[in-house]
Amino acid sequence: MIRNVLRESILDQRIAPNLVLLEGAIARLFGTSRGPVRKALELLHEEGVISRFEGRGFLATSDPDSVVPARDPLTPSALRLNHKEGSVVDQRSVAERIYDDVEDAVATCIAFGHFRIIETTLSDYYGVSRTVAREVLGRLRSQRLVEKGPRSHWLAGPLTSQAVLEDYEIRVLLEPAALRASAPLLARSELLEMQQRLQRLLDDPALLNAAEISRLENDLHRQCLRHYRNRKAAEMIAQSQLPILVNRLFFQSLGVPLCEPMVVEHKLVIDHLLYGAFDAAASSLESHLLASSERTRSRLKVLSVFPEPDLPPYLTRIS
């Protein structure tokens, strides 16, 4: 539905061809999470309706060289959304409404160096109070995306190979144990759906894209572990997800390779779970995490040679 609405608005020229389309802004208008929006944008890109450019997001044109990108707000009227559909009624707090955009910008910048986040510029950029800006940054701090420097400055990055390795070491120690504990409580129907999704991607690798990768990661590393009752350990797992950002940026920049091995590795874990072989599933998960650690650190090296993307003004590189 999101794809169809966006396509119609672009082709009817209700959306200017130079407008930058961002996941967070579109998700807020439709009242959805970012996953469906990411998938819709990827489909439109594959159809040639929108195009990538050197900045963050997509341009609402098939010819990016012919326009100068504009980061104007996308309005409900341009999409012909109305309040009766419930699509544009946003009941979230101000902090929640801007959190996804800030998280996305910070997650992008840390792969390219060390940045300072200027709190006043952040609040001005979104037209919110400094209290709201601090609330957002506090949430990012709890996710280990930002930290407070010695002068109380908000800092982000750099995301290093050592940081990725340390996160994987934590996950290797904790996730297999969490899977053993959670596995007996997982519904067979849910596991069958996961297995079928993985098999479709193995049968047709061309279907694999960044959005599908995010869904697979969520299936195995969140849904399959959600019944784990050790809250402290679960928090440590949740706070050790920086490697996922590397893979997301890598796939968004270069596309997902047809031979991406994670699909086979994920399916082996799910197959074991379906057979009730919980120890084997945990062992396969550990092997997957170890292999993924090597792949992710290699991808981080590749990203390091890419030009720095277009970032919002509240992010300032530290020389």
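Each reported figure results from applying straightforward, stated rules to the coordinates on display, with no laboratory input. These numbers were taken from a predicted model, which means no experiment stands behind them. For neighbour counting, all protein chains shown are included, and Cβ atoms are generated from backbone atoms with ideal geometry for every residue, glycine included.
Quick notes
- FRET efficiency, A280 to E166 (Cβ-Cβ, R0 25 Å, nearest 0.05): 0.40
- Stretchable slack from N18 to S189, in nm (0.36 nm times residue separation minus alpha-carbon distance): 57.1 nm
- A full extension of the chain between E54 and A206 corresponds to an added length of 52.3 nm, given 0.36 nm per residue minus the alpha carbon distance.
- Computed label-point distance, nm, for sites R222 and S66 using a 7 Å Cα→Cβ extension: 3.9 nm
- With helices as the sole contributors, the chain gives -18000 deg cm²/dmol at 222 nm; each DSSP H run of n ≥ 4 counts as -39500 (n - 2.57), and the sum is divided by every residue.
- In this structure, the residue pairs whose Cα-Cα separation is over 31 Å, taken from K39/K232; K148/K267; K232/K267, are K39/K232; K148/K267.
- With Cα atoms as the point set, the range 3-140 shows a radius of gyration and Dmax of 15.6, 45 Å.
- Per principal axis, descending, Cα span of the range 133-219 in whole Å: 53, 34, 28
- Angstrom value of the Kirkwood radius, inverse mean 1/r, which spans all Cα pairs in the chain: 21.1 Å
- Sites T120 and D310, calculated FRET efficiency, Cβ-Cβ separation with R0 22 Å, nearest 0.05: 0.55
- Cβ-placed point charges (K, R +1; D, E -1), dipole of the range 1-146 about Cα centre in debye, nearest 20: 500 debye
- Near L273: Cβ cut-off under 13 Å, other residues only, Lys/Arg at +1 and Asp/Glu at -1. The net charge is -2.
- Treating each Cα of the range 121-183 as one equal point scatterer and applying the Debye formula with no solvent, the log10 of I(q)/I(0) at q = 0.12, 0.23 Å⁻¹ comes out as -0.49, -0.98.
- Electrostatic dipole magnitude of the chain [Cβ: Lys, Arg +1; Asp, Glu -1; Cα centre; debye, to 20]: 900 debye
- Farthest positive-ward along the range 105-243 dipole, Cα basis, beta-carbon charges - from L145, L207, A133: A133
- The GluC sites (Glu not before Pro) of the range 5-58 that meet both conditions, a loop assignment by DSSP and at most 13 other Cβ atoms within 10 Å of the site Cβ, are E54.
- Distance from the C-alpha centroid of the range 241-307 to that of the range 55-70: 31 Å, rounded to the whole angstrom.
- Straightening the chain between V302 and N4 buys 103.8 nm, computed as 0.36 nm per residue apart minus the Cα-Cα spacing.
- Largest to smallest principal axis extent of the C-alpha atoms in the range 201-286, angstrom: 37, 30, 16
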